[in-house]
Amino acid sequence: MYNLSLGVLFALVNFGLFLLCYRMFGRMGLYAWVGVATVLANIQVVKTIEMFGLVMTLGNTIYASIYLTSDLLNEKYGEKAAKKAVWFGFFTLIATTIIMQLVILFDPTETDIAQPSLEALFGLMPQLALGSLCAYLLSQFVDVKIYTWLKKKCPHPNQLWIRNNGSTMISQLLDSLTFCTIAFWGLYPFGVWAEILLTTYLIKFVVSAASTPVLYIARSMKVPEE
């Protein structure tokens, strides 16, 4: 019950900060959010928790907000702007992985207290990053394409929920399957791996569906022009 209550608060904080970032910085704030969310999601995913009696990883909430961001960019600024955000997140994750692997290689002093924690957090990052990069590129470009297609088929302003949820339902399934296979296959027993896959997809989709009102709010906000 504690994790569930904290999870609801956690989602509200994430969505609130997302809206604040967009309100203060406009379209550039959305690109910045993609970069921040990509890095934080790959740090949080190292931690596993239990909710509803199932094992799941953290990072699903803020990772789902990346789909929210690309859908908002597609909605207001077009497919080209959404694809730019995908490549921005891709570069951010690669840069973070390379830099932090070099950080770990430095010999620490005898009084250093950070090295074990850094190794624990970022030691798995190459494998996580490979899974995340493959899943990220595949799912994000599929999401952008499906959203663009749905935008033509369901163009009315009140059909935004169809465009948002329709695109994320498929793209997040591809994302979860690709990421969990590359990042966690062989790392956990099959039963735990299957639970992580199931809960990763369900949590991401539930969070995305719950974020639909946030997308409506963001679409109507007055933000700084470039």
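What dipole magnitude, in Debye to the nearest 20, does the chain give about its Cα centre under +1 on Lys/Arg Cβ and -1 on Asp/Glu Cβ?
1220
Give the order of 56, 24 when sorted by the count of other beta carbons within 10 angstrom, beginning with the fewest.
With the sparsest Cβ surroundings first, the list reads 24, 56.
Peptides 95-106, 27-38, 42-53, 141-152: what's the order by average Cβ count within 10 Å, highest mean first?
27-38, 141-152, 42-53, 95-106
How would 93, 4 line up from fewest to most surrounding beta-carbon atoms within 10 angstrom?
Starting with the residue having the fewest Cβ neighbours, the order is 4, 93.
Which value in Å does the Kirkwood hydrodynamic radius of region 3-115 take, with 1/r averaged over all unlike C-alpha pairs and then inverted?
Kirkwood hydrodynamic radius for region 3-115: 15.8 Å.
Do any of 47/145; 151/222; 47/76; 47/84; 80/152; 47/222 go past 25 Å between their Cα atoms, and which?
Violating the 25 Å Cα-Cα cut-off are 47/145; 47/76; 47/84; 47/222.
Along the charge dipole of the chain, Cβ charges K/R +1 and D/E -1, which of 26, 183, 6 sits furthest on the positive end?
The one lying farthest along the dipole's positive direction is 26.
Mean-square fluctuation check for the chain, GNM, Cα pairs under 10 Å: which of 57, 111, 178 is largest?
111
Please compute, for the alpha-carbon atoms of region 73-184, the extent along each of the three principal axes and give them in descending order in Å.
Taking the Cα atoms of region 73-184, the three principal extents are 63, 28, 19 Å.
Quick check on the chain: helices-only [θ] at 222 nm, where DSSP H runs of length 4 and up contribute -39,500 (n - 2.57) each and the sum goes over total residues. Nearest 500, please.
Value at 222 nm, helices only, nearest 500: -28000 deg cm²/dmol.
Give the relative contact order (percent, whole number) for region 2-220; include only Cα pairs under 8 Å separated by 6+ residues.
25
Towards the positive end of the charge dipole of the chain, with charges on Cβ (+1 Lys, Arg; -1 Asp, Glu), say which of 213, 16, 93 has the farthest Cα.
Going by the charge dipole, the pick is 213.
Since every read-out is calculated from the coordinates, none of them should be taken as a lab result. A quick note: this is a predicted structure, and the numbers were derived from the prediction, not measured. Every residue, glycine among them, receives a Cβ derived from its backbone with ideal geometry; neighbour counts consider all protein chains shown.
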